[in-house]
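K.L.:
Sharing a structure, written as structure tokens. Questions coming.
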Amino acid sequence: MAKQTFISAVKWLATIALLAGGVMAVRYYCMESFRVSTDSMEAALHKGDYILVNKLPLKDNPGRNRVVLFTSPLLKDTVSNPLFLSRCIGMPGDTIRVGNDGYRVNGKLIPHSPQSLNRYMVTKAGQNELSAVQKKLNIPIREWKEEAFGFSLYLTSFEEYQIREELSEDTNIHFIKDHTDSYELIVPRKGRAYRLDAAALTACREAIQTEAGDKAVFRNGKLFLDGRETDFFFFDQDYYWMLSDNTNEAIDSRHLGFIPRDHIIGNAWFCWYSKDRQRIFKPVN
């Protein structure tokens, strides 16, 4: 009887161990649940939502225009290893052009969100009328700063539209959106020669330092490998460009640079819990 009891206990323990191992394997290699802790992906996901992330090493994981979970590629974040959630808008080899109207990926425009903040200037001649219109429309005054020509402030694109509808024709002339210098980036692709201009050096600096280590030295806007100046670099893995839907509340490739393949956890696949009942058991788009 004691022997039978012992054998039964061993079987139960083995079953529990197998089940635990199976769950751990699924979590590590296939699928894992995460809680969304920021508003970076509104309205696709909200703070407090629980999602399943697909970790399977499939061809479309990460996928173009998919919401992706990844870790910071910055060397200073190696210990803390923070997680970020953004949309993958640039695949390896894609050309991304950044300008006033938004982002162009292989020539296709991805406009700025109507809620993204932009810097505007107003001359002293238009200051009073602009302030009165802001007050009338209940538009907050953000980072109002005195400049040599007048004043600068930050508004969303929608707020700009509302204000321009109210301003006189003369004051509209004195109300100017700050110009953003356009630049172009090519998302690094494994094994391809990558030309290093000023914009590429800025975006790829962390990636090059990670891959090349002490061999890479940046000096006077140039890259030196083993002491020799070079205008090209061959990357050992594919990289991606991530942009959050709610750009004002997010950290993404604008701050982190290109995201290497080994920092990708996977596509956000399914929302299994949300305070909004209409979002429960819905795929993440």
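K.L.:
So with the 1.4 Å probe, I'd like the accessible area per residue for the chain, rounded to whole Å². Can you show the working numbers first?
P.N.:
Numbers: 17110 Å² over 285 residues.
Here the residues of the chain average 60 Å² of exposed surface.
K.L.:
For residue 125, what is the net charge nearby, where nearby means another residue's Cβ is under 14 Å from its Cβ and Lys, Arg count +1, Asp, Glu -1?
P.N.:
Every neighbour counted, the sum reads -3.
K.L.:
Still on this structure, please answer the following. Hey, can you list the DSSP H helices of the chain whose Cα span along the axis is 20 Å or longer and whose average Kyte-Doolittle score is at least 1.0?
P.N.:
Values: long enough: 2-25 (34 Å, 1.21).
Membrane-span-like by this rule: 2-25.
K.L.:
Between residue 58 and residue 192, what is the label-point separation in nm under the 7 Å Cα-to-beta-carbon projection?
P.N.:
Here the modelled spin labels are 2.4 nm apart.
K.L.:
Take the Cα pairs of the chain, get the Kirkwood Rh, then feed it into Stokes-Einstein at 25 °C and 0.890 mPa s and tell me D in µm²/s.
P.N.:
The calculation lands on 110 µm²/s.
K.L.:
Roll a 1.4 angstrom probe over the protein heavy atoms and tell me the percent of accessible area of the chain that is carbon or sulfur.
P.N.:
Roughly 55 percent, rounded to a whole number.
K.L.:
Output the peptides 72-83, 122-133 sorted from most to least packed, where packing is the average of other Cβ atoms within 10 Å over each peptide's residues.
P.N.:
Top to bottom by mean Cβ count within 10 Å: 122-133, 72-83.
K.L.:
Which chymotrypsin sites (Phe, Trp or Tyr not before Pro) does the range 176-285 hold that lie in a coil by DSSP with at most 16 other beta carbons within 10 Å? Intermediate results must be reported in sequence, preceding the final value.
P.N.:
Details: sites: 183, 194, 218, 224, 232, 233, 234, 235, 239, 240, 241, 258, 269, 270, 272, 273, 281; in loops: 235, 258, 281.
Of the chymotrypsin sites (Phe, Trp or Tyr not before Pro), the ones in loops of the range 176-285 whose Cβ has at most 16 other Cβ atoms within 10 Å are 281.
K.L.:
Now for a separate question. To the nearest 0.05, what FRET efficiency results for residue 236 and residue 31 with a Förster distance of 25 Å applied to their C-beta separation?
P.N.:
With R0 = 25 Å, the Cβ-Cβ based efficiency is 0.35.
K.L.:
What order, most packed first, do the peptides 164-170, 206-212 have when packing is the mean number of other Cβ atoms within 10 Å of each residue?
P.N.:
206-212, 164-170
K.L.:
Which entries of 76/215; 177/282; 47/190; 136/177; 135/177 have Cα-Cα distances beyond 28 Å here?
P.N.:
Values: 76/215 19 Å; 177/282 39 Å; 47/190 35 Å; 136/177 21 Å; 135/177 20 Å.
Correct reply: 177/282; 47/190.
K.L.:
Going by average Cβ density within 10 Å per residue, which order do the peptides 134-141, 44-51 take, highest to lowest?
P.N.:
Ranking the peptides 134-141, 44-51 by packing returns 44-51, 134-141.
The values are calculated or read from the model by the stated rules, or taken from the named source; none is laboratory data. No experiment lies behind these values; they were computed from the predicted model shown. As a convention, Cβ positions derive from the backbone with ideal geometry for all residues, glycine included, and neighbour counts pool all protein chains shown. Ligands, DNA and RNA are stripped out before the accessible areas are found, and what is left, the full protein with its side chains, is counted by its heavy atoms. Shrake-Rupley method; radii C 1.70, N 1.55, O 1.52, S 1.80 Å.
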